[in-house]
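The numbers here are math on the coordinates, done by the rules we state, and not lab data. Keep in mind it's a predicted model, so treat the numbers as computed, not measured. Here the Cβ is made from the backbone with ideal geometry for all residues, glycine too, and neighbour counts use every protein chain on show.
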Amino acid sequence: MVHTAASRCCRTRYASHHSLAISQFLQGLNVSPHGSTERKWVGAILAAQNGMKAETQHAPLVHLAATVMENMSTAVLVFDEDMHLQALNPAAEALFGLSSRQVSGRTADEVFTGDERALRVLQRAAGGQSPMTERDLGLRVRNGEVISADCTATSINGSQGRVLLMEFVEQDRHKRITYEEQLRAQNEAAREMVRGLAHEIRNPLGGLRGAAQLLERELTEDGLREYTGVIIREADRLQNLLDRMVGPRSLPKRTWVNIHELTERVRVLIESEAGSGVRVERDYDPSLPEVYADADLLTQAILNVARNALQVLEGDGHLLLRTRIGRQFTIGNRCHRLVARIDVVDDGPGVPDGMLETIFYPMVTGRAEGTGLGLPIAQSLVGLHGGLIECASSQAKTTFSIFVPVEEVA
């Protein structure tokens, strides 16, 4: 089964709790409720979603309806009067982790399995003319996750009969967007601090190494030259550490790349490093489009995250590489129509308490032998592509999700 990732859009960041109803959209076009024009709009929406051919005079309306549905951040589902699903937009596909082909024609009971409150809202709307709204609905969506959402159901007289329009606005989205903005700001501040610190260290470090080289030339005893050799080697080690902390000094060399080629390279490397007690599996979305990225930098970012998961497992456990497509996804202050999502999932002990907020900071690690640089470097490399890495962790499961915009990002 092909699943989709969560949909989030910057246009709803400061929106009210009321969903962007299509009926409101129609009213904005001075369309009277339950009038003939509204029936044409509903028919156009259904035609657009189901790939039906429209009459010549209605073709522009069908095209516009398709565009509206495609770009709405609100999850929209359209049922007929017998409560069979007729259409859903990409935001609804992303929210429920379903495709329109999989669920088209199913009953509301099948679509909202176990969600009695959502069913009651739809049933009340079917029995009357007024829109019905339910706040803070605990909705079971993709992968069994339960989210908080506002639900509105409206009965509309369409050109093909009466239809029931359902809209869902994910309330948790606003919290995630705020958290992501804070995360990006913190990471940028940390990178600036590291760059400044690296600049202050490089100058005396270079002088120290140069002085050790000059001293080595003057020494004749091998025992004393060994000491200068230690100084030079340690200076080189610190220089390498600074270079890793600062990250690449040149801009990414972007081309259109297949994400699965990168994840397969990472999988082969991880399997060669993992012991027999670690199972490395993959779960790829074959519909994932190519992304405009630097293949080497993005591979390094995925590898850093996967190696972190492998080290946490300590030779025993399960590591999963998973890809999905996300729609209307917000990163920073920009809403992307499509993003590629790469999940690295392990069943290790999870991120230690109190470390989740600072896990992408340099030098932060939960392992005594760790450097605390792998994840910050990965976050920096993904950030060069306009993307972001998130982490969700529990005692039995940790998921690092890498989000990379599909389109070209300046």
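At-a-glance table
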read-out	value
Radius 11 Å from Cβ of T113, net charge of other residues (Lys, Arg +1; Asp, Glu -1)	-2
Net charge over other residues, Cβ less than 12 angstrom from the Cβ of L219 (K, R count +1; D, E count -1)	-3
For G348, residues with placed amide H under 5 Å, excluding near neighbours	T398
Segment M355-A185, extension gain: residue separation times 0.36 nm, minus the distance between their alpha carbons	59.5 nm
Listed peptides 377-385, 396-404, 351-359 by packing density, highest first (mean Cβ within 10 Å)	377-385, 396-404, 351-359
For peptides 217-226, 117-126, sequence by mean Cβ density within 10 Å, most packed first	117-126, 217-226
Separation between Cα centres of segment 297-362 and segment 208-228, rounded to whole Å	45 Å
